[in-house]
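Read the structure below first, then the notes.
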Amino acid sequence: MSRYRQRLAKAVLGLIVAVYCALGLTYAVQTPRWETPDEPAHYNYVVDIAEKHRLPVLQMGDYPHEYLEEIKAAKFPPHMSIEAIRYESHQPPLYYLLAAVVYKAARSVDAEGQFLALRVLSVFLGSLLLLLCYAIVKEIFPDEEFLALTTTAMVATVPMHIAMSAAVNNDTLAEVILAGIILLCLRHLKSGLSMRQVALLGSLMALALLTKTGIYIPATLSIVFAFAVRARTEGDQSILQQVGVIAGLAMLSAWWFLRNLLTYGDLDLFGWQRHDSVVIGQPTTAQWVSQQGLMQTIRDFFIVSFRSFWAQFGWMGILIDSRLYAFLGLVSIMIGVGFILFLLRAIRDRQLLARFQRWALLLLLLVFVLVAAGHMLYNLKFVQHQGRYLFPALVPIALAFALGLREWADICTRLISHLPLPDRIVDLLPDIVKGTAFALFYVGFLVLDVICLYLFIIPHFQA
């Protein structure tokens, strides 16, 4: 790749990150306090650490269902306290420890400023995710700037992801850590890891265990997959030593699980049993099926998951125009067809992808399947049709999007090349078409982000 192309790619990446930060900060400022899912409970966890210097314990009464519904309906007026909303107290502590540092560092400003500082922290973590996303795709397709930039741009412009990464929660940190683990796993598949990198991978696994239970299985099985494939294909004899280092470092998180055992008892390593006993009033899937019927429940799951993956804001109560959902559905179908065409081409032409690239895409597919399965399994217990639970797999989803878009760009290039064009234009045609496709997608999604904020989110709270 020419030096000019490298500089251009870095400039576009910088633009994507800068625009994301601007959008994220705008969402953070314009969205009223507590008006993203579970934000009061996450905030109270941070305050407990910062002001009471202790980890909270999830107890009966921490999920005041009726009061929560009342305060949400009233749009969290100042006279209604959020103090009793504490049902995230079973979550692993890493994000909250980090957020508590930011909270205390901002103590010179008022409470509103401290709260905003926590949202800014999430936006900063989101910018790190974009850099890791770019690095992941470059690891797999080192000469494909279009794929790397398109994947990163999609992660940066999904409206619901911007909203969630501009809120107080542990989601974005979990995505960052999982992306770091995926990147190191890809490097191990490609060329092996040094012992220093293995130690870094083990440290990231420990951090994952201290961040969010939703990434436990994807992170663990990504490592297992990468090391198993490397041992099988390259005959790596140091696998036992490397896995021992990773496991040993991951054990640094054991104190958290021991603490849960001592606090909650009943072998409740993750606090899930306590959580299930506390969230009285949260609708269960069994109740939903009995009231709505099985087919309606399944239909709701897919429709609401789709909408809330793209754009369903607040506490799931702010929907955008149905025509925009239809547009997003059409885009998803078109890109999905493009991705299927890419897969068919890769199956027919074994030379299209190197062996490492095939294993790398299988690793990302594994992450997506595990995250999607976790979303579906959780919905077998509670009604949580929230597409944001797929965000830990947003990088694989975005890469599939980029591959689908590239396939359509290649098809358009072949069609246009049959026209009577000057040779100079024909030579530049692939770059022109891909650049146009990227610009249309990126600008279109930026417009969607602005529309969601200024035509739907802000007017909802001003009403």
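The values are calculated or read from the model by the stated rules, or taken from the named source; none is laboratory data. Note that the coordinates shown come from a computational prediction; the quantities given were computed from them, not determined experimentally. Positions of Cβ are generated from backbone atoms using ideal geometry, with glycine treated the same way; all protein chains shown enter the neighbour counts.
Worth pointing out:
- Flag if I223 is crowded, with 18+ Cβ neighbours inside 10 Å and either of a type in the set (V, I, T) or not in a helix (DSSP H, G or I) (or both): yes
- Segment 68-101, subset acidic (D, E) and in a loop (DSSP other than H, G, I, E, B), residue surrounded by the most Cβ atoms within 10 Å (Cβ to Cβ): E88
- Selection within segment 135-163 - surrounded by 24 or more Cβ atoms within 10 Å (Cβ to Cβ) and either aromatic (F, W, Y) or touching a Lys or Arg at 6+ places or on another chain (Cβ under 6 Å) (or both): A148
- Among the residues of segment 27-54, those identified as on the phi > 0 side of the Ramachandran plot and crowded, with 16+ Cβ neighbours inside 10 Å are W34, D38.
- Conditions (1) farther than 28 Å from L269 by Cβ; (2) at pLDDT below 95: number failed by H65: (1)
- Filtering L183, L173, L201 for residues that are in contact with a helix residue (DSSP H, G or I) (Cβ under 8 Å, 6 or more places away or on another chain), of a type in the set (A, V, I, L, M, F, W, C), at negative phi and surrounded by fewer than 24 Cβ atoms within 10 Å (Cβ to Cβ) leaves a single hit, L183.
- The numbered conditions (1) crowded, with 24+ Cβ neighbours inside 10 Å; (2) more than 30 Å from G338 (Cβ to Cβ); (3) more than 16 Å from the chain's Cα centre (by Cα) are all true for K104 except (1).
- Segment 39-67 - residue that is within 26 Å of the chain's Cα centre (by Cα), assigned to a helix (DSSP H, G or I) and among the hydrophobic types (A, V, I, L, M, F, W, C) and, of those, farthest from A106 (Cα to Cα): A41
- Any hit, segment 10-26, residues being over 21 Å from the mean Cα position of the chain (by Cα), of a type in the set (D, E, K, R), farther than 23 Å from P159 by Cβ and crowded, with 18+ Cβ neighbours inside 10 Å: no
- Meets criteria (in a helix (DSSP H, G or I) and surrounded by fewer than 13 Cβ atoms within 10 Å (Cβ to Cβ)) for R307: no
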